[in-house]
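Undergrad: Sharing a structure, written as structure tokens. Questions coming.
The values are calculated or read from the model by the stated rules, or taken from the named source; none is laboratory data. No experiment lies behind these values; they were computed from the predicted model shown. Neighbour counts run over all protein chains shown; Cβ positions are idealised from the backbone, glycine included.
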Amino acid sequence: MTHVPSRIRKKIEWLLRRAEGALLPERVLAEEGSHLDPRRALIKLAESKDEVERVGAAARVEQLNRTLESRRDDDRRTYLDQHGVAGIQRFHSRDGARIYSMSVETFPKHINNVYLLVDGETLTMFDCGSGMDTSRRDLALGFAGVRGLFAETARYEEVDWCVISHAHFDHFGGANLVKKETRARLAVHELDARVLSCFGERLVIASKDTDVFWRRAGVPDAERTVLIAMYTAAKSAFVAQEVDRVLRDGDSIGPGYKVHHVPGHCPGCMCLQVHDVLLTSDHVLSRTTPHQFPQAITPFGGLEHYFYSLAKVRRIEGVNFALGGHEDPMWDLRARIDAIALFHRDRLAKVQACCSRPRTVVDVARELFGEQDGYSRILALDEAGAHVEYLHQLGHLKIGNLDEVARARDPVIEYVARA
Ligand SMILES: [Zn+2]
Ligand SMILES: [Zn+2]
């Protein structure tokens with residue numbers, strides 16, 4: 001399969017979601033979907049023919065156009081079952097839960113999948129978006145779409161449980177609104193509960209630990225100041241939020257969904273098992289290799305935990321398919337896990353080779369990702385740091401400038417491969 005830059009894929013997916021707005025019931029399009037402007041999106045899709053083909057979406061765009069022309073209910077139903085509409089898609093678990101995936105723009109151009117589980121009388125949300133305006137808008141569209149397209153009666157206000165998959169802002173930032181606007185009880189893994197309930201403290205301490213990590217990584221003072229401001233900026237609107245239930249590995253929540261604790265990507269990261277469907281959040285994603293943080297910033301994070309958790313999820317029996325916190329469904333979860341593990345082994349080998357002479361984490365980040373700025377810079381440093389840390393923990397790297405590190409108060413650390 002040829003590699004398609006994610007920028008192009010995202011652009012086409014974006015246009016498709018908007019264009020599919022034309023399949024929404026009229027009232028939903030007018031009220032909750034007015035931002036979609038499907039007519040314009042269809043024109044843009046037609047103009048982007050080459051890119052549509054590159055991402056392999058030509059057949060779907062054609063099917064969409066045909067469905068819109070035919071106006072037959074059968075065609076609409078078929079399209080809805082195969083692709084969903086405007087980012088709202090339905091799946092079924094073996095034991096009768098209806099699982100709705102809703103695409104939510106949590107940060108500009110950043111899409112999360114928020115799940116609504118309809119199971120007997122119980123409504124459960126898995127994640128709740130960021131709470132930003134676009135996130136609220138898309139959740140409202142999601143619920144309206146679930147009612148209008150799939151004849152459900154589910155309402156946001158009437159959700160019983162909101163289970164937070166992990167304490168990253170795009171997944172939990174909407175928790176204040178959930179508590180204010182719905183009757184839902186909030187549940188989070190015990191290692192992430194503190195991020196919500198002591199949010200101010202957590203933001204301060206995490207930014208201090210991050211600053212130390214960046215200093216040791218070799219990020220200059222001036223740049224660190226800018227990065228720290230960026231790291232904390234979007235999150236300051238959240239108010240500390242008590243949780244109603246803390247979860248542990250093996251717990252059961254809602255109508256009997258099983259919690260699998262998968263530390264690594266985040267300390268309290270969890271997968272939720274809904275019968276034969278595994279909601280994997282950011283632990284396993286269909287295309288992207290989930291982001292890694294050094295344990296130096298977040299205990300219970302880091303590659304060692306992550307590899308362990310990948311192996312743990314690989315062993316879960318009876319999973320027919322998996323749905324991630326972003327991107328597409330995964331029909332072969334174990335194959336995807338293997339691909340991700342292999343990717344990290346390969347990246348570890350690259351880092352090890354890069355450290356044939358003494359290198360800082362900044363050097364390694366540059367080697368892996370080239371020059372980056374803005375938030376990408378933060379992500380590149382985290383990722384490089386996590387790999388360097390893991391190799392160092394296992395004794396494959398050692399500190400190359402130990403005398404200097406011993407003398408200096410604020411040393412920059414250089415790592416070198418052990419012969
Ligand atoms: Zn995450
Ligand atoms: Zn995420």
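Undergrad: Just name the residue that is farthest from ligand 2 (Cβ to nearest atom) out of those in region 228-263 that are closer than 21 Å to residue 110 by Cβ and either β-branched (Val, Ile, Thr) or assigned to a loop (DSSP other than H, G, I, E, B) (or both). Break it down into steps so the answer makes sense when it comes.
TA: First, the residues of region 228-263 that are closer than 21 Å to residue 110 by Cβ: 228-238.
Filter once more, keeping what is either β-branched (Val, Ile, Thr) or assigned to a loop (DSSP other than H, G, I, E, B) (or both): 228, 232, 234-238.
Numbers: 228: 21, 232: 18, 234: 14, 235: 14, 236: 19, 237: 18, 238: 16 Å.
Going through the qualifying residues, I end up with 228.
Undergrad: Further question on the same structure: Only one of 29, 15 is modelled with pLDDT of 95 or more, under 17 Å from residue 147 (Cα atoms) and part of a helix (DSSP H, G or I). Can you tell me which?
TA: Details: 15 fails: under 17 Å from residue 147 (Cα atoms).
After applying the criteria, what remains is 29.
Undergrad: Checking residue 378 against (1) within 16 Å of ligand 2 (Cβ to nearest atom); (2) more than 23 Å from residue 4 (Cα to Cα); (3) free of Cβ contacts under 8 Å to residues at least 60 places away in the same chain; (4) in contact with a helix residue (DSSP H, G or I) (Cβ under 7 Å, 6 or more places away or on another chain), only one condition comes out false. Which one?
TA: Every listed condition holds for residue 378 apart from (3).
Undergrad: Is it the case that some residue within region 320-336 is under 18 Å from residue 115 (Cβ atoms), more than 19 Å from the chain's Cα centre (by Cα) and in the same structural domain as residue 269 (by TED's automatic domain parsing)?
TA: Checked region 320-336: at least one residue is under 18 Å from residue 115 (Cβ atoms), more than 19 Å from the chain's Cα centre (by Cα) and in the same structural domain as residue 269 (by TED's automatic domain parsing).
Undergrad: Something else now. List the pairs whose first member sits in region 154-178 and is in the same structural domain as residue 101 (by TED's automatic domain parsing), whose second member is among the charged types (D, E, K, R) and within 14 Å of ligand 1 (Cβ to nearest atom), and whose Cβ atoms are under 6 Å apart, counting only residues at least 6 apart or on separate chains?
TA: Final answer for the pair search is 165/127; 166/192; 167/192; 169/235; 171/127.
Undergrad: State whether one or more residues within region 359-382 are within 20 Å of residue 212 (Cα to Cα), over 30 Å from the mean Cα position of the chain (by Cα) and not in a helix (DSSP H, G or I).
TA: yes
Undergrad: Checking the conditions here, which among 97, 86 is out of contact with any helix residue (DSSP H, G or I) (no Cβ under 9 Å at 6 or more places or on another chain), buried (at least 22 other Cβ atoms within 10 Å of the Cβ) and modelled with pLDDT of 95 or more?
TA: Selected residue: 97, the only one of 97, 86 that is out of contact with any helix residue (DSSP H, G or I) (no Cβ under 9 Å at 6 or more places or on another chain), buried (at least 22 other Cβ atoms within 10 Å of the Cβ) and modelled with pLDDT of 95 or more.
Undergrad: Please verify whether region 91-108 includes one or more residues that are within 16 Å of ligand 1 (Cβ to nearest atom) and in contact with a Leu (Cβ under 7 Å, 6 or more places away or on another chain).
TA: Yes: one or more hits.
Undergrad: Also, I was wondering about something else. So which residues in region 244-260 are surrounded by 23 or more Cβ atoms within 10 Å (Cβ to Cβ) and farther than 18 Å from residue 323 by Cβ, if there are any at all? Don't jump to the end; show me each part of the working.
TA: Taking region 244-260 and keeping what is surrounded by 23 or more Cβ atoms within 10 Å (Cβ to Cβ), we get 247, 257.
If the condition is that a residue be surrounded by 23 or more Cβ atoms within 10 Å (Cβ to Cβ) and farther than 18 Å from residue 323 by Cβ, then 247 is the only one that fits.
Undergrad: Still on this model: Got at least one residue in region 279-298 being assigned by TED's automatic domain parsing to the domain that holds residue 327, away from ligand 2 (no atom under 14 Å from the Cβ) and under 17 Å from the mean Cα position of the chain (by Cα)? If you could, list the steps in order and put the result at the bottom.
TA: Filtering region 279-298 for residues assigned by TED's automatic domain parsing to the domain that holds residue 327 gives 279-298.
Still in the running and away from ligand 2 (no atom under 14 Å from the Cβ): 294-298.
Of the ones still in play, those that are also under 17 Å from the mean Cα position of the chain (by Cα) are none.
Among the residues of region 279-298, not one is assigned by TED's automatic domain parsing to the domain that holds residue 327, away from ligand 2 (no atom under 14 Å from the Cβ) and under 17 Å from the mean Cα position of the chain (by Cα), which makes the answer no.
Undergrad: If residue 165 meets every condition in (1) outside any helix (DSSP H, G or I); (2) surrounded by fewer than 17 Cβ atoms within 10 Å (Cβ to Cβ) apart from one, which number is that one?
TA: If we test residue 165 against (1) outside any helix (DSSP H, G or I); (2) surrounded by fewer than 17 Cβ atoms within 10 Å (Cβ to Cβ), just (2) comes out false.
Undergrad: How many of the residues in region 168-189 are aliphatic (A, V, I, L, M) and in a helix (DSSP H, G or I)?
TA: Count: 3.
Undergrad: Sticking with this structure for a sec: Go through region 61-75 and give me each residue that's surrounded by fewer than 19 Cβ atoms within 10 Å (Cβ to Cβ) and within 19 Å of residue 13 (Cα to Cα). Let's see the steps before the verdict.
TA: Filtering region 61-75 for residues surrounded by fewer than 19 Cβ atoms within 10 Å (Cβ to Cβ) gives 62-63, 65-66, 68-75.
62, 63, 65, 66, 68 - these are the residues of region 61-75 that are surrounded by fewer than 19 Cβ atoms within 10 Å (Cβ to Cβ) and within 19 Å of residue 13 (Cα to Cα).
Undergrad: Further, regarding this structure: Take region 119-134 and flag every residue that is closer than 25 Å to residue 253 by Cα and either outside any loop (DSSP other than H, G, I, E, B) or free of Cβ contacts under 8 Å to residues at least 12 places away in the same chain (or both).
TA: Result: 119, 121, 122, 123, 124, 125, 126.
Undergrad: Are any of the residues in region 19-27 surrounded by fewer than 20 Cβ atoms within 10 Å (Cβ to Cβ) and either among the β-branched types (Val, Ile, Thr) or free of Cβ contacts under 8 Å to residues at least 40 places away in the same chain (or both)?
TA: The answer is yes; a qualifying residue exists.
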